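To start, the structure under review is shown below, and the notes come after it.
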Amino acid sequence: MYHRNTIRLAASATAVIAGALSLTACGLGGGEGTAKVSSPTPASAVPSHAATTASHNPTATSAPGSSGGGTSTASAAAVSPASHTTATTAPQCTVSAVKATAYQAADHPVGTGTGAAIVEFTNVSAHACVLRGHPTVAGAGNGSPDHNSPLKVTPTGTATAVRLAPGGKAWVKLTFHQVQGEGDGYCKSGAKPAVYPTLVVGLPGAGAHQVALSDGEFAECDDTVIATAVTAVKPA
């Protein structure tokens, strides 16, 4: 009886051990399956790789509004040079594109005549244009500019192109042989002073413009005038 019970106990123990081994095997198998499913690539891996690629990619740019170097490069490349257009890119001013006026210069030779006058050219057109060169000058009456007496012009200064935007201005200064004395005055050369109500001032390619002084008439000697080239700097 004791021997039979011993056999039964041994059999039960064997069964328990076998069952335990079976459960252990299943547990190990289930753990391996779970690891394969729940072990994705770490989230930081892809962004880290992308960031590394971007940092070594010279063509990569930052998003608009960011402080990245790519944005600065793109902004610099987008700057337009249009605001630095040179004078030679604009057409010559036509006679109708320019309005001329004249007034006595503050800086002029001592005497009782005009001494010196400033002729101001204003671009009255809707587009930019260019003036250049030294003027021609002739004395005239209040009538047709075709009835005039040319003055001998002595040019001074270097002639350069002056670009006028719409509303822009350029100037020419005319310096005369000054009239001396009171009344009708006299010329140092012995010639008789000449008085002109208007002058006809021409610029190369821009036509001739008849101008009157805003404060008197043009009184000069010897029918000779020193003329600056047209300039973007207002003379005194």
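Residue by residue, the stretch 205-214 carries 3J(HN,Hα) couplings of x, 10, x, 10, 10, 8, 10, 10, 5, 6 Hz when phi is fed to the Karplus relation 6.51 cos²θ - 1.76 cosθ + 1.60 (θ = phi - 60°); x denotes Gly or Pro.
Computed on the stretch 99-225, the Cα convex hull volume stands at 109 Å³ per residue. In this structure, the residue pairs whose Cα-Cα separation is over 20 Å, taken from 99/152; 99/234; 192/234; 152/188, are 99/152; 192/234.
Placing +1 on each Lys and Arg Cβ and -1 on each Asp and Glu Cβ, with no other charges, gives the stretch 81-181 a dipole about its Cα centre of roughly 160 debye. Computed from label points 7 Å out along Cα-Cβ, the spacing between residue 112 and residue 188 is 1.7 nm. Rounded to the nearest Hz, the phi-derived 3J(HN,Hα) couplings of the stretch 101-112 under the Karplus curve 6.51 cos²θ - 1.76 cosθ + 1.60 (θ = phi - 60°) are 9, 9, 8, 6, 6, 5, 9, 8, x, 5, x, 10, where x marks glycine and proline. Among residues other than residue 98 with Cβ under 15 Å from its Cβ, the summed charge is +3 (Lys and Arg +1, Asp and Glu -1).
Applying the Karplus relation 6.51 cos²θ - 1.76 cosθ + 1.60 with θ = phi - 60° to the stretch 222-236 yields 3J(HN,Hα) values of 6, 6, 10, 9, 9, 10, 6, 5, 4, 9, 8, 9, 5, x, 8 Hz, where x marks Gly and Pro.
Computing FRET efficiency as 1/(1 + (r/R0)^6) for residue 180 and residue 89, where r is the C-beta to C-beta distance and R0 is 45 Å, gives about 0.40.
Ranked from largest to smallest solvent-accessible area, with a 1.4 Å probe on the protein heavy atoms, 215, 223, 146 come out as 146, 215, 223. Take the Cα radius of gyration of the stretch 197-236 and divide it by 2.2 N^0.38 Å, N being the number of residues; the result is 1.32. For the set 226, 118, solvent exposure ranked by accessible area (probe 1.4 Å, protein chains only) runs largest to smallest as 226, 118. Where Lys and Arg each count +1 and Asp and Glu each count -1, what net charge lies around residue 226 among other residues with Cβ under 15 Å from its Cβ? Once all neighbours under 15 Å are counted, the net charge is -2. Counting only protein heavy atoms and using a 1.4 Å probe, the accessible area of residue 160 comes to about 80 Å².
The values are calculated or read from the model by the stated rules, or taken from the named source; none is laboratory data. Note that the structure is predicted; figures quoted are calculated from it, not measured. Glycine also receives a Cβ, built like all others from the backbone with ideal geometry; neighbour counts cover every protein chain displayed. With ligands, DNA and RNA removed, areas are computed over all heavy atoms of the protein, side chains included. Shrake-Rupley method; radii C 1.70, N 1.55, O 1.52, S 1.80 Å.
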